[in-house]
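Novice: Here you go, one structure.
The values are calculated or read from the model by the stated rules, or taken from the named source; none is laboratory data. Being a predicted model, the structure only gives us computed values, none of them experimental. Here the Cβ is made from the backbone with ideal geometry for all residues, glycine too, and neighbour counts use every protein chain on show.
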Amino acid sequence: MKTALILDDVPDSQIWLSQALTSAFPGIQLSTADSLKEARVWLASHPAPELALIDLGLPDGSGTELIAELNRSAPQTLCIVASIFDDDQHLFPALRAGAQGYLLKDQPLPQIIDLLKGIVEGRPPLSPAVARKMLGYFKPGPQPDHEQLTDRETEVLRCIAKGLTLPETARLLILSPHTVSGYVKDIYRKLNVSSRAEAALTARNLGLV
């Protein structure tokens with residue numbers, strides 16, 4: 001690693017993360033920003049860094065926004081979250097936005113340094129607590145009773161799990177969008193899910209996709 005950007009609004013955290021990066025990658029060139037606006041201004045006038053350590057709770061928004069932007073405009077940049085939050089509401093949106101690592105700031109500095117060094121060997125830098133949470137999330141739970149879905153509901157579930165929109169599903173199954181929307185509501189209720197992502201995960205667990 002030759003260049004890195006640290007986005008964090010707490011000066012002490014900037015110093016701490018700088019120490020971790022310089023210890024893990026001697027000679028690395030560091031730049032810092034304390035807001036999304038400042039980071040965007042810096043990125044507009046500099047080549048994209050090889051590595052970005054990004055906090056989530058910022059004065060002008062969430063670091064997840066910048067992760068998503070870098071994932072689109074500079075996919076070569078390795079985006080790693082550095083946060084105090086390890087709850088699902090922060091972890092999974094950041095990963096979906098394109099974060100390739102997630103470090104918790106409450107870890108000892110030597111542990112953070114070791115996790116960062118693992119990047120060179122292709123190991124994603126994940127704090128142990130985060131890795132456990134991810135494994136627990138994707139571990140199959142008790143299977144919902146597939147028989148409670150009708151044949152048509154199963155067809156609709158299979159379609160939305162494959163990424164089809166409601167209008168696309170309606171056209172494929174020769175149904176009205178209103179009817180498909182009704183099926184989706186029934187599917188969510190029967191499977192006890194509240195989002196398309198949860199429904200897709202359940203469909204995979206059921207072997208539908």
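Novice: Taking TYR102, is it at pLDDT 90 or above, among the aromatic types (Phe, Trp, Tyr) and closer than 29 Å to ARG196 by Cβ?
Specialist: yes
Novice: Counting residues that are within 13 Å of the chain's Cα centre (by Cα), which strands (runs of 3 or more DSSP E) fully inside region 1-90 reach at least 3?
Specialist: 78-83
Novice: Is one or more of the residues making up region 186-196 touching a residue at least 12 places away in the same chain (Cβ under 8 Å) and under 21 Å from PRO93 (Cβ atoms)?
Specialist: yes
Novice: Please find, within region 154-185, the residue that is nearest to LEU206 (Cα to Cα) out of those that are assigned to a helix (DSSP H, G or I), aliphatic (A, V, I, L, M) and without any contact (Cβ under 8 Å) to a residue 40 or more places away in the chain.
Specialist: Going through the qualifying residues, I end up with VAL156.
Novice: So is GLY57 at pLDDT below 95, surrounded by 14 or more Cβ atoms within 10 Å (Cβ to Cβ) and not aliphatic (A, V, I, L, M) or not?
Specialist: It is true that GLY57 is at pLDDT below 95, surrounded by 14 or more Cβ atoms within 10 Å (Cβ to Cβ) and not aliphatic (A, V, I, L, M).
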